[in-house]
Structures are given as C-alpha cells and as structure tokens.
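Reviewing the structure listed below.
Here, each number is a calculation from the coordinates, and none is a lab measurement. No experiment lies behind these values; they were computed from the predicted model shown. All Cβ positions, even for glycine, are placed from backbone atoms using ideal geometry, and neighbour counts span all protein chains on display.
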Amino acid sequence: METRNIALITGVGRKEGLGYETARQLARLGYKVVITARDHRKAEQLAAMMLHEHLDAIAMELDTTDADSVNRCERQVTERFGRLDVLINNAGVMTDLTSTIATANLELVKSCFDSNVFGPWQVTQAFLPLLRRSAQPRIVNVTSGMGSYDDPDFGLHHFPGALSTYALTKLTFNALTVKAAKELKDERILVNAVCPGFTATYEGLKEQGARPVEDGAKSIVWAATLAADGPTGGFFRDGKPLPW
Ligand SMILES: NC(=O)c1ccc[n+]([C@@H]2O[C@H](COP(=O)([O-])OP(=O)(O)OC[C@H]3O[C@@H](n4cnc5c(N)ncnc54)[C@H](OP(=O)(O)O)[C@@H]3O)[C@@H](O)[C@H]2O)c1
C-alpha cells in the first residue's frame, strides 16, 4: 500500500505551467504525484523530467472534458492506489481573448465553460469516492482573481472590460467551490479556490509584471497541504483570503 499522500493534478501538459511546478513542489514534500494531461505523451515526458530530478511522479491521460477519459483515469488510480488524498483541478483554458459580452461567440463561450467549469466538476464527481477513502482529503480549485467581484487588480468591478468569458467561467468555478465545500464539510473534505496570481507561464508575461511560476505554485501547494483544521470554502492567494 502507498503510505505517502497521493495527489492528482489535472492539466500538467507544459513544463512552464503551474501544474508542473505544483507537481515538483509536492513531490519535494514527499507526495506521490499523479500528473495528468489530455495528451498522455506530454504527461509522460514531464514525469520523466521529474524522475531525472529524483522527484517521484507517474503520468496518466486525463481530458477533463471527456467522460470516458476521466473514468479511465479514475479506474487507474483506483487499481494502483485505492484512494486519493489531494485533487488539484488546475486544467483550464483562456480562449476567446478579444470577445466582449456584446460580441462573444457563444459556442466558444460554451466550450470555455466546458473546460473551466464542467470539466473540473466532472473530475471532482469521479474522484470523490476515492477522496472519501483518504484520512485527510483536499480539493484545490485553481481559479482566478478575474473570477471575483472585488479583487483590486483583476476583479469584475475593476479589470477593464476584457477577457469576459474567462472571468465568467472562473466566477462560476469560485461559486462551485463554495457549494462543494458546504456539501462536503461533514465528510472533512476541505475544498478551496486558489488564485495563483498573475504568473509567467507564457513567454512575454514576465515583462508584463507576472511573477515566477514557483510563487504561483506555492499558493496551490499551500491549499493542497492544509492541516485538518484548515479552512474550507475559501478563496486564497499566497495563503491569504481574497475578496470574492
Ligand atoms: N498564469 C496565470 O497568470 C494564471 C492566473 C490565474 C489563474 N490561472 C489558472 O491556472 C491554471 C494553469 O494555468 P497556466 O498559466 O499554468 O497555463 P497552462 O500551462 O496553459 O495550463 C493549463 C493546462 O490545462 C490543460 N488543459 C486545457 N484543457 C484541458 C482539458 N480539457 N483536459 C486536460 N487538460 C486541459 C492545458 O493542456 P495542453 O497543454 O494540452 O493545452 C494546459 O497544459 C489555469 O486554470 C489558469 O486559468 C493562471
């Protein structure tokens, strides 16, 4: 039986991404990390890179929007470990960058909701039975300050009228976090939303003021490693509560 805590992270498809850095940080803390991506080869390459650093990880395919893929991955985790301690819903997309509420292509909007809301919802449903077998289950939903009303820099009230589709999906994901936390509280499953902050996961973002990926991932790791008396149903960056 695996005695280490087992964490599964979705959307670990890029070495520059928050998912990969989160996996590295958790592995350094002694977690057994299951890194998943919709392209299995990408997850395998990244797991191999981690092994090269003597960090333990295994790769699985998981497309969060594909029920068969989600169920296949859940079966693999069941067979291999029989439980899950931490689920990190990190996968997400930022499509339809230039649309406004007035001009948005609603088919693209729906597909963004599929990726950023219904995908992680489906993953959460699939893995709940395995989380229930954990002594200290945690769910971390990687959302965004853009999905709040009052984040001073990125919130709906403050950020200029761009990226509306992305903001609406993350707002919904924040709300889903609150409802899930309430529902699962009696089962001691801590569910929190984390905004990693504006993070340099793509070329050119550092020059625009984005912070290093190590810092963004630290916020996610904080919520993944909360003690039993830690918060649930909250929204955090750097371990500090954010306005909704
Ligand atoms: N970077 C920031 O400033 C920032 C700020 C706030 C919140 N966030 C959030 O942080 C998370 C990670 O973002 P990131 O900056 O690290 O960008 P990223 O590297 O693009 O990470 C997103 C990952 O999600 C994967 N993905 C998309 N749809 C998927 C699906 N259906 N199934 C499985 N995987 C899927 C992508 O896979 P492919 O590689 O196959 O495309 C990609 O690897 C996202 O949820 C994002 O919204 C980021």
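For this structure, a couple of remarks:
- Prolate/oblate/rounded label for the range 168-244 (Cα gyration tensor, a/c 1.5): prolate
- Given their separation in residues at 0.36 nm each and the Cα-Cα distance between them, Arg28 and Asp68 gain 11.2 nm when the chain is fully extended.
- Gaussian network model of the chain, springs between alpha carbon atoms under 10 Å - residue of Leu46, Leu205, Leu156 with greatest fluctuation: Leu205
- Val191 long-range amide H proximity, modeled H, under 5 Å: Ile139, Gly233
- Rounded D (µm²/s) - the range 6-241, Kirkwood Rh over Cα pairs, Stokes-Einstein at 4 °C, 1.567 mPa s: 73 µm²/s
- Taking 0.36 nm per residue of separation and subtracting the current Cα-Cα distance, fully stretching the chain between Leu97 and Lys110 would add 3.3 nm.
- With a Förster radius of 22 Å applied to the C-beta separation of Glu16 and Asp153, the computed FRET efficiency comes to 0.50.
- Each peptide in 174-183, 141-150 gets a packing score, the mean of other Cβ atoms within 10 Å over its residues, and the list from highest to lowest is 141-150, 174-183.
- Mean residue ellipticity (222 nm) of the chain, computed from DSSP H runs ≥ 4 via -39,500 (n - 2.57), nearest 500: -12000 deg cm²/dmol
- Counted residue by residue at 0.36 nm each, then reduced by the alpha carbon distance between them, the extension gain from Asp215 to Gln136 reaches 26.0 nm.
- Qualifying lysines (Cα of each under 24 Å from Cα of Lys170; at least 8 residues distant if same chain): Lys15, Lys110, Lys179, Lys182, Lys185, Lys206, Lys218, Lys240
- Fraction of beta bridges assigned by DSSP in the chain that are antiparallel (%, nearest 5): 10 percent
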